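To start, the structure under review is shown below, and the notes come after it.
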Amino acid sequence: MANLLKLRLGVSDDPSAFQPSLNDCLEAMLKQADLLVHDMLSGLEAAAAPGNARRIPGFEQAGTQIAIEDMAANAQSVAATYRGELTRLVYEGGGKEQAHAEALRFEDLRLFEDDELDQSIEVARAQQEVSLAVDDVLPTLDALVSTLLGWRTIQPGLNPVRPEVFVRALQSCLSQHVPDASVRDFLIAPAAGLLGANLRRLYRELSDWLRSCGVEPAVPIGGRVHKGSGSSGKPAADSVSKTLLTLDRLRKLLAGDFDNKAPRQDFLYTMPASMAMLQEMKQVDALVNKLEKRPKAPAAPPPADMLAQAPPEQDQALPRLGLQLGQEVVRLMFDNLAQDKRLLPEFKRQLKTIEPGMLRLAELDSRFFSDRTHPARQFLDRITQRSLAFTSESDPGWQRFQATVEDSVRWLTSKVVDADTFGELIDHLQTQWAGQDEGLMQRREEAARALLHAEQRNLLAQKLAAEFMQQIEGLEVADFVSDFLRNSWAQVVAEAQLSCADGSDDPYGYRAMVDDMVWSIQKSTATRGRARRLVQMIPGLLAKLREGLDRIEYPPELTARFFNNLIAIHRAAVHEGRDAVSQAAADAAEAQESQFSDSAVDAVWLDEQEVAESGYVAEEAVAPEEPASPDAMEEEPAAQARAGDMRTGTWVELLVKDQWIRAQLTWASPHSTLFMFTSLAGSAHSMSRRTLDRLRAQGSIKIVAERNVVDEALDKVAKAALRNSLDGKA
């Protein structure tokens, strides 16, 4: 396969003469799909052949041999299936679906069936095989493909030919050509290993070709490349891998399989799933009253045998294995939080003091693991998310925030730790924070109202602009007037409509005067009496225009430029072309180039007050910046979505006046045209969707956290369980 890629592309003696596009790159990879499949099938046949040194244990089973023989006999059909699925995934940017190993979420495990769990483990093992094979060459390709995608920083998660795409295509191909699910799950890992060996050579050749053609690699995020599937994630700590957890056990813990099945006498939150049914039957209140009146039995010590079930009289004790797994999940969750570089050291020390209380709670209440609304989970979410507002312990407000956390720790150590305690603690914290945030919330609401009004006006202005352009179609209208109507005057009319309480579509006559203005500047309207009518019309027309522009606080320099040109044309029209000086001025005005760019019509426009209230960053004010600083946080590949996919609550680092600040996306307009970020200090920074996308492409806005930090820590626990399942741990 060596050098086949270059030969098929027809690279000449001067490769730099050909500048490849992203599409050239994708086509080059897709052309090798058949070769990848045929080499993979040859390897599987060799591994199944009797007496072969490369024979894989288990391939001697009849079902596996038959499946390999059938695929080899229909190699062309298998290759066509693989090529078609790979093409679909590649041109979707890597596929809209997420592989199990890539998007493994702690919360989703309890929904897995046994066959889905087995399949997720085998697919993860297949991805592991490919990732290990290409680990040393993938970062280089990621950097080059990121450049072709238009990014200045490396975006591994956006690479449309990343390894998991090939594995997903393989999974789909096997599902069509290997009907037996157990055989299919057994074959996918060795097939992926064979695929990975050739994919490594293909990646290396493609990288060499792109560099030879003069493609410059993108800059690594944080100033360095992390190996391991090209991602920016850090290897798991040793404490994470040394665990009892497997996916199956973790799923059972989330499903409550290790819970004592007897109803808990002292804690309503651990009631079985039939509570929902009881609630529908209007029997909840009666059941709760009955449980509350029952005397509490003393807790019995856990049984000696890990797998022993608690007898009925010991219904306060959890089975030992479930107890150990629960403690392991909590410990690993706090270990992951302790390793999170986004959290400040002093805050981590406070988390460490909270851990014993969480361990005690988890022993008594397994709902902590399966319910994100559990008060203890909510408490951890609130304090960790709020801590992301600070990048240093010297930041304004840090000491005040830290004092509330320390107060919470004292609260927990002085009370019985249960869900009610955490619920009370959340209320207490919210009361403290509400007092601190009162002024911030008021400013945020005012800014949001201003931005919402601006979006409504801009959307309406776009519709009006289309109507105005249709109205003047076929008429002789100077370019500067056409630009004025579809940009400035459309905003004026839209603002007038929105500010009118009675619902009139033209409360001040701004829309109706468009006909008069267009008539006043057309040469073809030179009829008898036109000059006299213009003399009567022009003063009122100009006054009305100024009034409308003042209403939206239109920039004075643009207003002056427009009126100078308009008056020049009017003066020539009044003189009916007999004055050479005025006619020359009119001709020069009509020849004026557009004062708006082609994209200005769709650009979001705000007046001065709206800009001041929302801290608006205009698109024209955005200058190219250097890539993000090495000291700033490191983005996860999945966080590279475009602006419209950024969720409210996301924490970012934003480059403002050459300084990085930490801010949160607190508001997005209903049509996702405007976004507002605010810092805990109260400063607001809003921008249009186009500006946000541009800043992200430049590395001037970077994702700190799109999801709750606690959820991410638990997801890492689930991935640790997956690794243990891959390693075959009990």
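Throughout, read-outs are computed from the coordinates displayed, never taken from laboratory work. For clarity, every value in this text was computed on a predicted model and none was experimentally measured. Note: ideal-geometry Cβ built from the backbone for every residue, glycine included; neighbour counts use all protein chains shown.
Size check on the stretch 396-445: the Cα extents along the three principal axes, sorted descending, read 39, 21, 10 Å. With a threshold of 25 Å on the Cα-Cα distance, the over-threshold entries among LYS31/LYS716; LYS341/LYS415; LYS348/LYS657; LYS341/LYS702; LYS463/LYS702; LYS348/LYS702 are LYS31/LYS716; LYS341/LYS415; LYS348/LYS657; LYS463/LYS702. Most tightly packed first, judged by the mean number of other beta-carbon atoms within 10 Å of their residues, the peptides 406-415, 445-454, 701-710 read 701-710, 445-454, 406-415. Which whole-number percentage describes the relative contact order of the stretch 479-591, with Cα contacts under 8 Å and a sequence gap of 6 or more? Value for the stretch 479-591: 29 percent. Computed from the C-alpha gyration tensor, the three semi-axes of the ellipsoid equivalent to the stretch 479-591 are 27, 16, 11 Å, from longest to shortest. Were the residues from GLN176 through GLU467 laid out at 0.36 nm apart, the gain over their Cα-Cα distance would be 99.4 nm. Placing +1 on the Cβ of every Lys and Arg and -1 on the Cβ of every Asp and Glu, with no other charges, gives the stretch 167-218 a dipole of roughly 60 debye about its Cα centre.
3J(HN,Hα) couplings calculated from phi for the stretch 204-212 with the Karplus curve 6.51 cos²θ - 1.76 cosθ + 1.60 (θ = phi - 60°) are, in sequence order, 5, 5, 5, 5, 4, 5, 4, 5, 5 Hz; Gly and Pro show x. Computed about the Cα centre, the dipole magnitude for the stretch 479-591 is approximately 560 debye when only Lys and Arg (+1) and Asp and Glu (-1) carry charge, each at its Cβ. Applying the Karplus relation 6.51 cos²θ - 1.76 cosθ + 1.60 with θ = phi - 60° to the stretch 716-721 yields 3J(HN,Hα) values of 5, 5, 4, 5, 5, 5 Hz, where x marks Gly and Pro.
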